[in-house]
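The values are calculated or read from the model by the stated rules, or taken from the named source; none is laboratory data. Treat the numbers as computed from the prediction; the structure is a model and nothing was measured. Every residue, glycine as well, gets a Cβ built from its backbone with ideal geometry; the counts of neighbours run over all protein chains shown.
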Amino acid sequence: MFQRVNRLLIDLPQVEYGDANAASAVQELLGGKFGEMSTLNNYMYQSFNFRGKKKLKPFYDLVASITAEEFGHVELVATTINLLSKDTTFSGNPNLAPMMNAKNMRNTQSFIASAQTALPVDSMGKPWNGEYVFSSGNLVLDLLHNFFLECGARTHKMRVYEMTDHPTAREMIGYLLVRGGTHVVAYAKALEMATGVDVTRMLPIPSLDNHVFDHARKYEERGYGNVLFTWNYVGDYQDINKIWKGPHPTTNAPLIVEEGTPKGAKMPDLDDLPEEFAPGIGPEEFQMIAKRLMFNM
């Protein structure tokens, strides 16, 4: 079972201006082939389908715990897209065409279909595809695929980072470069444990170190690249410490397993968009809803 906590993984900057085209680029990190929807669903189905959970528990624990983190990554990228999608339209009489600017944006579907919010699509609006999920049933093959998937995801994050200087987008990408790098190392160490081959000697892929990125450096310095969480408090998934141990292959910092979840940050509250009829609850409707809620207490 999954337990939901109403916190965001990190505190995202909520600046006064948005960038709708940057939001379109960030969509690739959500619904692209190497986006967070892919990492989540690959690991989730591999954990559901895992054979020999008891016999091979450290590997199961690793895939299962990373699955839980990927839910948070999906939420973080989606929230970033929401925060980037602001100040493109304005509230006003529909005859004034308050959404006129939307027709010149790369992803007009975002304005028409989802009221300027995130959808499971890539940077061109193409829907995320279940065919991106790989669950072969063979442990080494799945781990090798996951290593490749995380390296591909890292490449795309680095490229989108270079596409935009918006502080919200860069803060999110900087954090995920560090956490995604942690997952790359985790799968490399799992492959070494399963096969004896030192895959960590290939790292990092691409070769650019996370410290080069201004918005990733602080997360590296805080040790975010050296820790894996169990994502629960009931003693499950503790056997990841049989894999996640020793020094980090590129920094030599000690690898740490922490029980539970990160502290997280407050969840942003998205503004109303009257021109999008979102959420479509005006002052009068709100007063009536408040009265009904109080009456039913």
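Considered as a group, the residues in the stretch 185-210 that are closer than 12 Å to T250 by Cα and without any contact (Cβ under 8 Å) to a residue 40 or more places away in the chain include one that is surrounded by the fewest Cβ atoms within 10 Å (Cβ to Cβ), and that residue is S207. Checked against (1) surrounded by 20 or more Cβ atoms within 10 Å (Cβ to Cβ); (2) touching a Gly at 6+ places or on another chain (Cβ under 7 Å); (3) part of a helix (DSSP H, G or I); (4) not aliphatic (A, V, I, L, M), Q109 passes all but a single condition, namely (1). Taking residues in the stretch 250-276 that are within 28 Å of T89 (Cα to Cα), and partners anywhere that are at pLDDT 95 or above and of a type in the set (A, V, I, L, M, F, W, C), the pairs with Cβ atoms closer than 6 Å and at least 6 places apart or on different chains are M267/L8.
Just to verify a result, which residue in the stretch 16-54, among those that are charged (D, E, K, R) and touching a His at 6+ places or on another chain (Cβ under 8 Å), is nearest to E70 (Cα to Cα)?
Step one: list which residues in the stretch 16-54 are charged (D, E, K, R), which gives 16, 19, 28, 33, 36, 51, 53-54.
Now narrow it down to the ones that are touching a His at 6+ places or on another chain (Cβ under 8 Å): 19, 28, 36.
Details: D19: 25, E28: 15, E36: 7 Å.
Within the stretch 16-54, the match that is nearest to E70 (Cα to Cα) is E36.
A single entry from N82, N138 fulfils the requirement of being crowded, with 18+ Cβ neighbours inside 10 Å and modelled with pLDDT of 95 or more: N82.
Scanning the stretch 151-168 for residues that are closer than 23 Å to S207 by Cβ, part of a helix (DSSP H, G or I) and not charged (D, E, K, R) yields a count of 9.
Can you find even one residue in the stretch 85-103 that is under 22 Å from the mean Cα position of the chain (by Cα), among the hydrophobic types (A, V, I, L, M, F, W, C) and in a loop (DSSP other than H, G, I, E, B)?
Our first condition is that a residue be under 22 Å from the mean Cα position of the chain (by Cα); within the stretch 85-103, this holds for 85-86.
Still in the running and among the hydrophobic types (A, V, I, L, M, F, W, C): none.
No, because not a single residue in the stretch 85-103 is under 22 Å from the mean Cα position of the chain (by Cα), among the hydrophobic types (A, V, I, L, M, F, W, C) and in a loop (DSSP other than H, G, I, E, B).
Output the residues belonging to the stretch 1-20 that are closer than 12 Å to L83 by Cα and over 15 Å from the mean Cα position of the chain (by Cα). Those that are closer than 12 Å to L83 by Cα and over 15 Å from the mean Cα position of the chain (by Cα): P13, Q14, V15, E16, Y17, G18, D19, A20. Considering (1) under 29 Å from P274 (Cα atoms); (2) aliphatic (A, V, I, L, M); (3) crowded, with 20+ Cβ neighbours inside 10 Å, the lone condition that M44 does not fulfil carries the number (1). Within the stretch 112-150, the set of residues being part of a helix (DSSP H, G or I) and of a type outside the set (A, V, I, L, M) comprises G130, E131, Y132, D142, H145, N146, F147, F148, E150.
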